[in-house]
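What follows is calculated from the coordinates using simple rules that are stated; it is not laboratory data. Only a predicted model underlies this, so the values are computations on that prediction, with no experimental measurement involved. Methodologically, a virtual Cβ is constructed for each residue, glycine included, from the backbone with ideal geometry; neighbour enumeration extends over all protein chains shown.
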Amino acid sequence: MTRQRRNDLVSRARRRAQQLRRTLAQYSYEYHTLDAPTVDDAVYDGLFAELKQLEADVPEIIVSSSPTQRVGNELKGGFRKRQHSSRMLSLNDVFNVQEVVAWVQKMRELAAPRPVDFFTDIKMDGLACSLVYEDGELAYAVTRGDSYQGEDVTHNVRTIRNVPLTLHELEDTKPFCKGRTEVRGEIIIDTADFTTLNRQRQQQGESLFANPRNLAAGTVRQLNPKVAAARPLKFRAYDLLRSDASAPDTFAQAYHLLRLLGFSCNRQAAVHQAADEILSYIEHWSDERSRLPFNTDGLVIKVNQRQVYEMLGVVGKQPRAAIAYKYQAEQTTAVVRDIILSLGRTGAATPVAVFDAVQLAGTTVQNASLHNADEIARKDVRIGDTVVVYKAGDIIPQVKEVILSLRPEGAVPFDYEAELARQHPDITFRRLPGEAVYRAITPSSTLVQRAIEHFASKAALDIEGMGPRAVAALVEAGLLQDAADIFTLQVDDVAKLERYGEQSARNLIQAIDTVRQPRVERFLFGLGIRHVGNITARDIMRHFGDFAALRQASEEELLEISGVGEVVARSIYGWFADPNSQRLLDKFEAFGVRPQQMQQESSQGLLAGRKFVITGTLQHGSRDEVAELISKAGGEFQKTITKTTDFLVVGERVGASKRAKAEAYGVQIITEEELFARWLK
């Protein structure tokens, strides 16, 4: 073929490809955004197949915005970080209509004399994401992350069918197809799609996914975009950002423009003038939210005027001009198939109701806590009963009550002690006076395993490679009888086990050797003494300095420690007085385990004299890890807000009650980012 003929071929192919892409983009817009397809799926598929073949025959015409290029190659080297142009903020939660009315009144007062109305929408339970377009083409997509920066997940977002690769250009949207346009929204999976996907997995004998939100978030963080392409992800937009005069004046206008640009937005959104209109909206969706195609636990309420919204500013990590109203926990019914008595690491036997899988607050639930023997007796829960199950704080499934009218004939009261003997025949349990919990007083392999798992956990000695499966294998092989035996393990013994090879066994032994001189407060926490969490362990060791002094301490000396009461002191003293505990500690010493002396924090640190309470989900580590950093800087960590508290450090998902208490006591509220920027750099 001559060069001229090839050029003519490429030119014709390029024109045809441009026509096909425009047509396919229009069909996709009608299908995903307008929910009003004008052609059958077969028509779309036929044109898509033609475009794909055309690009295969003439590769020169391929462009990144082509619908054939949605699924790219697997990401190598993990996710890169990207800065947000402006912070992606989370919202303050409110839980009753009184708080909503008070917030509306406050917004009007702060905005005066400017008039304001309010934009309300359904709060989606998904993964927040920002899509950035350059000259109308999708450039990159970033998760919320820590609000300042997130992970670049462009390779997966491109596979989402209702995400336009090029913005829909109309007369009203032309300004947004030039320069930088940012669209923020939520990546979700509809409940119907989730149910279908789980049904397919069940038929194939695969494990089921827990809930749509976790599945959506987990899918977006896959390195291979083919995984995302195979799952029914959707993107629902809720904000449109521009840095010039084309920026929308209101959130309602932003939704209108987003739809014109090709995005799906919630059709349930509305504008309200007064608080009573918002309350009617709340009441309506309280009953109707179960009919929505996606999971939700509440509503978003904002000041509609963007200029006023920005003027009202940010308090901590939340905008002042927006709140999230949270509905009460969802409830459902289930038939109790069994009641199992689960053993924790401290030997506590916790009753758990088991039932067939039910959907509750967006998750698949198959069991619920019954707390203790007294609770079972009080609620009179029996095997075979139909019970009302709910989620406390939309997190922990619990049994609320029994529907007695549905109790089957022959159902007998649950005999707690008889079941303990039946389910755990090799263990003796005792219920101490004044306690509601039955605890094991004889050792068992299960308790040994739990105790060792706790000792090796990240919050304690943090032994890499010694998770639950590894501990189970070592206990089952007879290599571990208690936590001290960890320090007797040899490469040859470990390498013989099924899950280990020579190198993995060597890695485990090396990890163990690195903690032969553990930090003393972590060592104390790892012993699993009742009522001794890692914060209490730190306070105790700050008082005594070294482990030998603690081991000889009297109950009266323990009571001198701030935050240690009679129950905690009695538990610690009793543990050290137990001959079994003494033998365990002697073994640690014989095997060369030497806990380091507690490093005293300087009273001259940056946080000296300041007292902190932490709440919410944190980005810089667990609550205990951040509390430890505060202590090292000379500050004092408190578990609850008191009149002596100086700062409340807030992360994500913070309830309104803790903020209200802080405000009532005059406690300064700061964000996690402010804490680290000011003092913990």
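Give the average over all directions of the projected area of the C-alpha convex hull of the range 238-389, one decimal, in nm².
If you wrap the Cα atoms of the range 238-389 in a convex hull and average its projections, you get 14.1 nm².
Kindly put Y327, Y133 in sequence by how many other C-beta atoms sit within 10 Å of each C-beta, fewest to most. Don't jump to the answer; show the numbers that get you there.
Details: Y327 17, Y133 22.
If I rank by nearby Cβ atoms, fewest first, I get Y327, Y133.
Let me check I've understood the local charge: for K661, count other residues with C-beta under 15 angstrom from its C-beta, Lys and Arg +1, Asp and Glu -1. What total comes out? Intermediate values should be presented prior to the final figure.
Values: positive: K611, K639, K643, K658, R659; negative: D93, E99, D646, E663.
Counting the neighbours of K661, the net charge comes to +1.
Which shape class applies to the range 187-306: rounded if a/c is under 1.5, otherwise prolate when a/b exceeds b/c and oblate if not, where a ≥ b ≥ c are the square roots of the Cα gyration tensor eigenvalues? Walk me through the numbers on the way to the answer.
Details: a/c = 3.23, a/b = 1.56, b/c = 2.06.
Because a/c hits 1.5 or more and a/b fails to exceed b/c, the range 187-306 counts as oblate.
How big is the C-alpha Rg of the range 434-521 next to the rule-of-thumb value 2.2 N^0.38 Å, as a ratio?
Values: Rg = 14.0 Å, N = 88, 2.2 N^0.38 = 12.1 Å.
Against the compact-globule rule of thumb, the ratio is 1.16.
Using just the C-alpha positions of the range 21-144 as equal point scatterers, what log10 of I(q)/I(0) does the Debye formula give at each q in 0.14, 0.20, 0.23 1/Å?
Those come out to -0.94, -1.28, -1.38, one per q.
Can you list the HN-Hα couplings for the range 399-409, worked out from phi with the Karplus curve (6.51, -1.76, 1.60; θ = phi - 60°), rounded to whole Hz and with x for Gly and Pro?
8, 7, 6, 9, 8, 5, 5, 9, 5, x, 5
Amide H neighbours of N304 under 5 Å, at least 5 residues apart or on other chains, H built in the peptide plane: list them.
For N304, the qualifying residues are D117, F118, F119.
Provide, for q = 0.05, 0.10, 0.12 Å⁻¹, the log10 of I(q)/I(0) from a solvent-free Debye sum over equal Cα point scatterers in the chain.
So the normalised log intensities are -0.33, -1.20, -1.47.
Starting from the amide H of Y140, placed 1.01 Å from N in the peptide plane, find each other amide H under 5 Å away whose residue is 5 or more places distant or on another chain.
V132
With Cβ to Cβ distances under 15 Å as the rule, what net charge do the other residues near F547 carry (K, R +1; D, E -1)?
Working: positive: R516, R519, R522, R538, R542, R551, K587, R594; negative: E521, D539, D546, E557, D586, E589.
Result for the local shell: +2.
For F95, F176, what ranking results if the residue with the fewest other Cβ atoms within 10 Å of its Cβ goes first? Kindly include the intermediate steps, with their values, before the conclusion.
On the way: F95 17, F176 25.
Going from least to most buried by this count: F95, F176.
Find how much the distance from A112 to A436 grows on full extension, using 0.36 nm per residue of separation minus their present alpha carbon separation; answer in nm with one decimal.
On the way: separation 324, 0.36 × 324 = 116.64 nm, distance 5.57 nm.
Value of the extension gain: 111.1 nm.
Fully extended, how many nm does the chain gain between K174 and D492 (0.36 nm per residue separation, minus their Cα-Cα distance)?
Values: separation 318, 0.36 × 318 = 114.48 nm, distance 7.02 nm.
Extra length from K174 to D492 when fully extended: 107.5 nm.
List the lysines whose Cα lies under 29 Å from the Cα of K379, skipping any in the same chain that are fewer than 8 positions away.
By straight Cα distance, K379 reaches K326, K391, K400.
Could you list H155, H531 in order of exposure, starting from the residue whose Cβ has the fewest other Cβ atoms within 10 Å? Spell out each step's value before the answer.
Working: H155 22, H531 15.
Fewest to most other Cβ atoms nearby, the residues stand as H531, H155.
When only Cα pairs under 8 Å and 6 or more residues apart are kept, what is the percent relative contact order across the chain?
On the way: 1157 pairs, mean separation 66.6, N = 681.
Relative contact order for the chain comes out at 10 percent.
Near K226, which aspartates and glutamates are there with a Cα under 13 Å away, not counting those fewer than 8 places off in the same chain?
E74
List, in the order given, every pair from K123/K611; K123/K658; K106/K658; K174/K302; K123/K639; K106/K234 whose Cα-Cα distance in the structure shown is over 25 Å. List each step's numbers first, then the result.
Working: K123/K611 35 Å; K123/K658 22 Å; K106/K658 19 Å; K174/K302 27 Å; K123/K639 31 Å; K106/K234 36 Å.
Cα-Cα > 25 Å for K123/K611; K174/K302; K123/K639; K106/K234; rest within.
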